[in-house]
1. Can you report the number of residues in the stretch A:310-329 which are more than 14 Å from chain B (Cβ to nearest Cβ), surrounded by fewer than 16 Cβ atoms within 10 Å (Cβ to Cβ) and either in a loop (DSSP other than H, G, I, E, B) or touching a residue at least 24 places away in the same chain (Cβ under 8 Å) (or both)?
2. Which residues, taken from the stretch A:1-44, are in a helix (DSSP H, G or I), of a type in the set (S, T, N, Q), modelled with pLDDT of 95 or more and more than 16 Å from A:G145 (Cβ to Cβ)?
3. Determine which member of the set A:V279, A:V307, A:V273 is more than 30 Å from A:M25 (Cβ to Cβ), surrounded by 20 or more Cβ atoms within 10 Å (Cβ to Cβ), not assigned by TED's automatic domain parsing to the domain that holds A:H44 and not acidic (D, E).
4. Residues in the stretch A:73-92: is at least one surrounded by 23 or more Cβ atoms within 10 Å (Cβ to Cβ), in a strand (DSSP E or B) and aromatic (F, W, Y)?
5. So, in the stretch B:9-44, how many residues would count as being more than 14 Å from chain A (Cβ to nearest Cβ) and out of contact with any strand residue (DSSP E or B) (no Cβ under 8 Å at 6 or more places or on another chain)?
6. Those residues that are over 15 Å from A:A121 (Cα atoms) and more than 12 Å from every other protein chain (Cβ to nearest Cβ), I need them from the stretch A:24-58; list them, please.
7. So, A:L105, is that one more than 26 Å from A:L218 (Cβ to Cβ) and part of a strand (DSSP E or B) or not?
8. Looking only at the stretch A:267-301, which residues are part of a helix (DSSP H, G or I) and among the acidic types (D, E)?
Amino acid sequence: MTAPPTTQLRKTALNSTHRRLGAKMVNFGGWDMPIEYSGIISEHMATRTAAGLFDVSHMGEIEVRGGGALALVQSVTSNNAAKLADGHAQYSGLLNDRGGFVDDLLVHRISRSHYLLCVNAGNQDGDFEYIRAHNQFAAELENAGPRYSQLALQGPKALEILSRLTATQLGALRYYQFAFGDVSGARCLIARTGYTGEDGFELYLAPEHSETLWAALLDAGQSAGIKPCGLGARNTLRLEAGMRLYGHELDETTTVWEADLGWICKLDKGDFVGRQALVDQKARGIERVLVGFEMSDRQIARDACGVSHDGVVVGRVTSGSPAPFLKKNIGMAYVPLAARAAGTRIEIDIRGTRAPAQIVPLPFYKRGK
Amino acid sequence: MATYPTDYRYTREHEWVSVKDDIATIGITDYAQHELGDVVFVGMPEVGTALKAGQTLGSVESVKTMSDIYAPVSGSVVEINSELANAPEKINQDPHGAAWLVRMKLADATEVSTLLDAAAYQAFVAEKDSSA
């Protein structure tokens, strides 16, 4: 299969900035995106010790408005959106009628009749159609991806850096809260969320301000040690933090119970797509569960490597990689319940060699308070 | 633009060879380390392994990917660079020097002259970059 030429790939508003910074670019789900600038390890470490700046404008945004907005959001997601107050967000699942994931997403409540959903890049259009198909509540729906850029500023110095560019009281935003404010002259939805396991912010803004804001953040963060970071570090950071990735740990066949995400499923909130299937599975019991593992030697487990327990192949690695901060090689996989306990010895098939590993609790890394 | 030592020879799989008497020192090129990104693990052959040109010699793994290394010449492995086990990142820092991978005793010294010289290798990678 020949790869599409770069001219056919979708580009964020920062594409020429990334190229000017010397980023190594990659085709990520049809988007021409930076995978790394100075190196994945250096970017990963900068995010854990100072700050990393990510262009995540490829992510999708869906706006849900009107009197029926809450009812629609409640009916297609697993978490309880009715618990949100204005300016609060929650992690949730967009489920199918078998209780599997159509996508994982963030639900932001702007007001009782206005929600912003942030969905995965490749799933944007599919999610929008799916929600539209379930819209018996006459809510207004907008596939708003094209009118948003999104930047993520993550790391222990993120608050200090962003504070230099906005009058918004960032310290008053607790984790998973958001506010509207001006950042370097650009109106932004400033959310204290992220996909790295560090403190930080995700900024939603109009594309025409992206380049100015990107430059302002790099400038404001220079003395603190900020680095531009690509999708390579984004992946190693989220994996180290035990965060699931759609298409790897989550897909149409995995349920919240199997993915060990029971906390985003509120069966008592009312009916929602997939609820009955989840009730049934909870009663029957699950047969596989997502776990984290750590390699015992220097070999590196990769996505799709076979996983064995007691000499029997039991599954495949869903995500595997070196973990730069922990200086270990880690991964996640679905295993039978008998193999789930921390300390259980498993083997990963790495190109024909059975490499030893052991189950460890998730998350691998948790930031200090 | 990287400089490729003019007294080395190169393969299209991005290995370099430096010969002294009948011993060939072998590594991967600056182009290869740049493509790979941060190197985290090097898979080495055992000393004594006999290889024909083109056979898999070992592997170099980066955070994102793994690449097989092929013997540019036929011979037997007489030494491996033990520094790389604890400091694989040397391959990114000094791919043509301190981060040599293995030394082989040549089975047939004439094989070396069939490899690309520095100018030909440089042209080869320049063409790859422009068509990317």
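1. Number of matching residues: 3.
2. Applying the first criterion (in a helix (DSSP H, G or I)) to the stretch A:1-44 yields A:6-8, A:15-20, A:40-44.
Restricting the remaining residues to those that are of a type in the set (S, T, N, Q) gives A:6-8, A:15-17, A:42.
Restricting the remaining residues to those that are modelled with pLDDT of 95 or more gives A:15-17, A:42.
Matches in the stretch A:1-44: A:S16, A:T17, A:S42.
3. Details: A:V279 fails: surrounded by 20 or more Cβ atoms within 10 Å (Cβ to Cβ); A:V273 fails: surrounded by 20 or more Cβ atoms within 10 Å (Cβ to Cβ).
A:V307 is the lone residue from the list that is more than 30 Å from A:M25 (Cβ to Cβ), surrounded by 20 or more Cβ atoms within 10 Å (Cβ to Cβ), not assigned by TED's automatic domain parsing to the domain that holds A:H44 and not acidic (D, E).
4. No.
5. 3
6. Passing the criteria: A:A46, A:T47, A:R48, A:T49, A:A50, A:A51, A:G52, A:L53.
7. Working: more than 26 Å from A:L218 (Cβ to Cβ): yes; part of a strand (DSSP E or B): yes.
For A:L105, the condition - more than 26 Å from A:L218 (Cβ to Cβ) and part of a strand (DSSP E or B) - is met.
8. In the first step, residues of the stretch A:267-301 are kept if they are part of a helix (DSSP H, G or I); the result is A:267-269, A:275-284.
Result: A:D268, A:D280.
The values are calculated or read from the model by the stated rules, or taken from the named source; none is laboratory data. Everything numeric here is computed off the predicted structure, so don't read it as measured data. Neighbour counts run over all protein chains shown; Cβ positions are idealised from the backbone, glycine included.
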